[in-house]
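Please read the structure below before turning to the comments.
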Amino acid sequence: MTLLSTILAFVIALGLLIAFHEFGHYLVARWCGVKVLRFSLGFGQPLLKKRLGRDQTEWAIAAIPLGGYVKMLDEREGQVPANELSRAFNRQPVSKRFAIVVAGPVANFLLAILLYWLLFIVGVSGVKPVIGEVDPATPAALAGFRNGDVITEIGNQPVATWQEARLKLLDNAVDKKTDVRISVTGESRLARQLKLDLSQLDTEDLESDFLGKLGLNIFRPTIAPVIDRVMTDSAAEYAGLESGDRITTINHEKITTWEEVVDMIRSHPNSALTVGIVRNDKEFVITLQPEAALERGVEIGKAGVTPKIQHEALADLLVNISYTPATALNKAIAKTWEMSYFTLRMLGKMVTGDVSLKNISGPITIANYAGQTAQMGLSAYLGFLALISISLGVLNLLPIPILDGGHLLYYLVEMVRGVPLSEKIMAFGNQIGVALLITLMLFAIYNDLLRLAAE
């Protein structure tokens with residue numbers, strides 16, 4: 001994935017999510033009779049702008065694409081003609097102001113439902129949750145998992161892919177549950193009920209491959225040690241490896257699977273390896289020196305090659321699940337609710353220290369995910385957009401001054417008291433909110449930079 005493609009995928013995602021959010025505010029403001037002066041995607045100096053409609057609302061795309069806003073007629077921001085006072089935002093009853101503000105996050109949840117609906121109609125692709133080798137003396141081994149078991153249910157909820165299984169296990173792991181009920185089928189096709197202890201996972205484990213810590217390894221079919229693609233400017237290219245080469249030995253050790261190739265390369269960063277290959281029925285010996293790279297703080301070797309995979313070997317492991325439009329809508333609503341609740345729970349666990357703050361991602365990580373999912377295909381990108389839209393909706397509902405949730409908190413207080421809070425109190429709250437958001441953004445970018453360094 002090129003840098004340009006990653007940036008493009010990120011800009012499209014950001015533009016779509018912000019536009020939907022702000023359009024929610026705009027649409028309900030119009031329904032409530034409030035005059036909208038400007039609809040802006042981005043902040044700062046407008047790059048493009050045009051006035052449209054009876055109210056001559058200014059539609060703009062601004063220079064800083066990190067948000068957007070809807071500017072409404074308001075006496076607190078300038079003189080309002082007497083004949084338009086009834087259309088000023090601050091003159092509206094608190095119920096209308098509440099509706100206008102909450103409409104932004106609601107629009108994000110509706111967008112997520114739409115995206116999941118499309119995704120479930122097109123079809124959700126994934127890898128069947130088949131278990132590989134079960135590491136001894138691990139929670140999975142103690143629970144009775146076996147090589148080849150297929151996970152069918154977790155906590156009485158069906159799962160069809162490893163992605164679903166991982167999410168449901170993570171949801172239970174943050175509560176350190178000791179008896180998560182899991183249904184599996186083995187070679188006999190008979191269902192077995194197991195209880196998995198997740199209490200041994202600590203905060204740091206949840207940041208990385210916690211499935212491995214449990215002893216649950218994803219089943220991988222045997223792949224022949226044949227090279228499919230050699231990356232440009234990679235260690236493999238410099239060594240002279242080519243597509244179609246079959247690796248037979250490394251450092252005089254016989255090689256029969258691609259997994260053995262990966263293990264040898266990863267364990268020898270910056271070390272010369274003697275590699276025996278067969279090319280066009282002729283045997284060659286070349287010297288390969290894997291490049292050193294950091295992975296979660298550990299130095300590993302990378303060669304820059306991918307294996308030639310027989311797709312027949314993967315066919316039984318891949319699933320694609322699609323639904324009728326009506327069923328897809330029900331699934332989309334349920335999925336949006338599930339992910340919204342999960343996001344809120346994770347935020348709460350971060351506050352209590354049960355989940356590491358390292359899980360907070362900033363624009364760099366989100367842009368990277370945008371690029372990766374766009375490269376993977378439409379389904380993956382739709383799923384990414386839906387998840388980020390939910391995150392944006394939940395974040396904006398948090399009762400932090402300057403966010404939508406902060407304004408809603410002010411309005412709830414006004415409903416209870418019968419009179420609004422003073423401008424002085426709200427201004428002070430907004431200053432605190434700005435400080436919190438800046439701190440959060442800096443921390444998220446710091447996490448992004450740590451991830452980049454680890455890679």
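The values are calculated or read from the model by the stated rules, or taken from the named source; none is laboratory data. Model, not experiment: these values are computed from the prediction. In this analysis, Cβ positions are derived from the backbone assuming ideal geometry, glycine residues included, and neighbour counts consider all displayed protein chains.
Tally up the residues in the stretch 329-338 that are in contact (Cβ under 8 Å) with a residue 60 or more places away in the chain and under 21 Å from the mean Cα position of the chain (by Cα), please.
So the first thing to find is which residues in the stretch 329-338 are in contact (Cβ under 8 Å) with a residue 60 or more places away in the chain, and the list is 329, 331-333, 335-336.
Now restrict to residues that are under 21 Å from the mean Cα position of the chain (by Cα): 331-333, 335-336.
Within the stretch 329-338, residues that are in contact (Cβ under 8 Å) with a residue 60 or more places away in the chain and under 21 Å from the mean Cα position of the chain (by Cα) number 5.
I'd like to know if the stretch 304-312 contains one or more residues that are among the hydrophobic types (A, V, I, L, M, F, W, C) and closer than 25 Å to GLN163 by Cα. Outline the logic, then answer.
Taking the stretch 304-312 first, the residues among the hydrophobic types (A, V, I, L, M, F, W, C) are 305, 309.
Cutting the leftovers down to closer than 25 Å to GLN163 by Cα gives us 309.
Yes, the stretch 304-312 contains a residue that is among the hydrophobic types (A, V, I, L, M, F, W, C) and closer than 25 Å to GLN163 by Cα.
I need the full set of residues from the stretch 160-179 which are out of contact with any Pro (no Cβ under 7 Å at 6 or more places or on another chain) and small (Gly, Ala, Ser), in order please. Can you show your working first?
Going through the stretch 160-179, the residues out of contact with any Pro (no Cβ under 7 Å at 6 or more places or on another chain) turn out to be 160, 163-164, 166-179.
Hits for the stretch 160-179 are ALA160, ALA173.
Looking at the stretch 382-403, can you tell me whether even one residue there is farther than 22 Å from LEU110 by Cβ, free of Cβ contacts under 8 Å to residues at least 60 places away in the same chain and in a helix (DSSP H, G or I)?
no
Any chance you could count how many residues in the stretch 64-92 are acidic (Asp, Glu) and either in a loop (DSSP other than H, G, I, E, B) or surrounded by 15 or more Cβ atoms within 10 Å (Cβ to Cβ) (or both)? Outline the logic, then answer.
Step one: list which residues in the stretch 64-92 are acidic (Asp, Glu), which gives 74-75, 77, 84.
Now drop any that are not either in a loop (DSSP other than H, G, I, E, B) or surrounded by 15 or more Cβ atoms within 10 Å (Cβ to Cβ) (or both), which leaves 74.
Of the residues in the stretch 64-92, 1 are acidic (Asp, Glu) and either in a loop (DSSP other than H, G, I, E, B) or surrounded by 15 or more Cβ atoms within 10 Å (Cβ to Cβ) (or both).
Kindly indicate whether GLU164 is over 24 Å from the mean Cα position of the chain (by Cα) and closer than 16 Å to ILE218 by Cα. Spell out the reasoning first.
Numbers: over 24 Å from the mean Cα position of the chain (by Cα): no; closer than 16 Å to ILE218 by Cα: yes.
In short, no.
Inside the stretch 324-342, can you point out the residues that are surrounded by fewer than 17 Cβ atoms within 10 Å (Cβ to Cβ) and over 26 Å from ILE131 (Cα atoms)?
Residues of the stretch 324-342 that are surrounded by fewer than 17 Cβ atoms within 10 Å (Cβ to Cβ), as a first pass: 324-327, 330, 333-334, 337-338, 341.
If the condition is that a residue be surrounded by fewer than 17 Cβ atoms within 10 Å (Cβ to Cβ) and over 26 Å from ILE131 (Cα atoms), then THR324, PRO325, ALA326, THR327, ASN330, ILE333, ALA334, TRP337, TYR341 are the ones that fit.
Exactly one condition in (1) buried (at least 20 other Cβ atoms within 10 Å of the Cβ); (2) outside any helix (DSSP H, G or I) is not met by ALA374; state its number.
Of (1) buried (at least 20 other Cβ atoms within 10 Å of the Cβ); (2) outside any helix (DSSP H, G or I), only one is false for ALA374: (2).
If I filter the stretch 344-371 down to residues being outside any helix (DSSP H, G or I) and within 14 Å of the chain's Cα centre (by Cα), which single residue comes out as farthest from VAL174 (Cα to Cα)? Write out each step before concluding.
Within the stretch 344-371, the subset outside any helix (DSSP H, G or I) is 353-356, 360-362.
Going one step further and asking which of them are within 14 Å of the chain's Cα centre (by Cα), we end up with 360-362.
Working: ILE360: 15, SER361: 18, GLY362: 22 Å.
Per the criteria, the residue is GLY362.
Could you list all residues from the stretch 1-55 that are surrounded by fewer than 13 Cβ atoms within 10 Å (Cβ to Cβ), assigned to a helix (DSSP H, G or I) and modelled with pLDDT under 85?
The answer is LEU3, LEU4.
Is it the case, given these coordinates, that PHE428 is modelled with pLDDT of 85 or more and surrounded by 20 or more Cβ atoms within 10 Å (Cβ to Cβ)? Don't jump to the end; show me each part of the working.
Values: modelled with pLDDT of 85 or more: yes; surrounded by 20 or more Cβ atoms within 10 Å (Cβ to Cβ): no.
Here the answer is no, as PHE428 does not meet what is asked.
Does SER379 qualify as being under 12 Å from the mean Cα position of the chain (by Cα) and surrounded by 15 or more Cβ atoms within 10 Å (Cβ to Cβ)?
Answer is no for this residue.
So in the stretch 382-411, with the set limited to residues that are farther than 17 Å from ALA332 by Cα and among the aromatic types (Phe, Trp, Tyr), which one is surrounded by the fewest Cβ atoms within 10 Å (Cβ to Cβ)?
TYR411
Inspect all residues belonging to the stretch 287-307 and state whether any of them is surrounded by fewer than 16 Cβ atoms within 10 Å (Cβ to Cβ) and part of a helix (DSSP H, G or I).
Checking the stretch 287-307: not a single residue is surrounded by fewer than 16 Cβ atoms within 10 Å (Cβ to Cβ) and part of a helix (DSSP H, G or I).
Only residues that are of a type in the set (Ser, Thr, Tyr) and closer than 23 Å to ILE100 by Cβ: list them for the stretch 411-444, please.
Within the stretch 411-444, the subset of a type in the set (Ser, Thr, Tyr) is 411, 422, 439.
Correct list: TYR411, SER422.
Take ASP209 and decide whether it is surrounded by fewer than 18 Cβ atoms within 10 Å (Cβ to Cβ) and at pLDDT below 85. First the steps, then the outcome.
On the way: surrounded by fewer than 18 Cβ atoms within 10 Å (Cβ to Cβ): yes; at pLDDT below 85: yes.
So ASP209 fits the description; yes.
Return yes or no: is PRO325 in contact with a Leu (Cβ under 6 Å, 6 or more places away or on another chain), modelled with pLDDT of 90 or more and not polar (S, T, N, Q)?
Details: in contact with a Leu (Cβ under 6 Å, 6 or more places away or on another chain): no; modelled with pLDDT of 90 or more: yes; not polar (S, T, N, Q): yes.
No; evaluated as a whole, the condition is false for this residue.
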